[in-house]
Amino acid sequence: MGHFPWPMSNKQLQDRFSSENISIEELADMWIQLDQNEATKEEIIKLRETSNSNELENRLRQRIKFGTAG
């Protein structure tokens, strides 16, 4: 697993996660290091181990979209 400098400021995290230049493998490594939910962490680990780059891209690189309820 890769390593990234910690602690990072909010600005550094935003820049790092929103960068198109970061590889999906590094993004997955960062997620695994930060995720405190064992279920979602295991899902990302399995996708990384099986080299499922398409699903990792869909889960980790897409921006969250919010809508209005009702």
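Report every pair of residues separated by at least 6 positions or lying on different chains whose Cβ atoms are under 6 Å apart, first residue within the stretch 3-23 and of a type outside the set (Lys, Arg), second modelled with pLDDT of 70 or more and assigned to a helix (DSSP H, G or I).
Correct list of pairs: Phe4/Met30.
Considering only the stretch 25-39, state which residues are at pLDDT below 95, surrounded by fewer than 16 Cβ atoms within 10 Å (Cβ to Cβ) and assigned to a helix (DSSP H, G or I).
Glu25, Gln33, Leu34
In the stretch 29-61, what residues are hydrophobic (A, V, I, L, M, F, W, C) and farther than 19 Å from Arg16 by Cα? Please lay out each step first, then the result.
If we filter the stretch 29-61 for residues that are hydrophobic (A, V, I, L, M, F, W, C), which is where we start, we get 30-32, 34, 39, 44-45, 47, 56, 60.
Within the stretch 29-61, Ala39, Ile45, Leu47 qualify.
Filtering the stretch 44-66 down to residues that are surrounded by fewer than 10 Cβ atoms within 10 Å (Cβ to Cβ) and at pLDDT below 90, which residue is farthest from Gln14 (Cα to Cα)?
Selected residue: Phe66.
Looking only at residues in the stretch 9-24 that are surrounded by 14 or more Cβ atoms within 10 Å (Cβ to Cβ) and at pLDDT 75 or above, which one is nearest to Glu55 (Cα to Cα)?
Filtering the stretch 9-24 for residues that are surrounded by 14 or more Cβ atoms within 10 Å (Cβ to Cβ) and at pLDDT 75 or above, the one nearest to Glu55 (Cα to Cα) comes out as Ile24.
The values are calculated or read from the model by the stated rules, or taken from the named source; none is laboratory data. Computed from a predicted structure; not experimentally measured. Cβ sites come from the backbone with ideal geometry, for glycine too, and all protein chains shown count toward neighbours.
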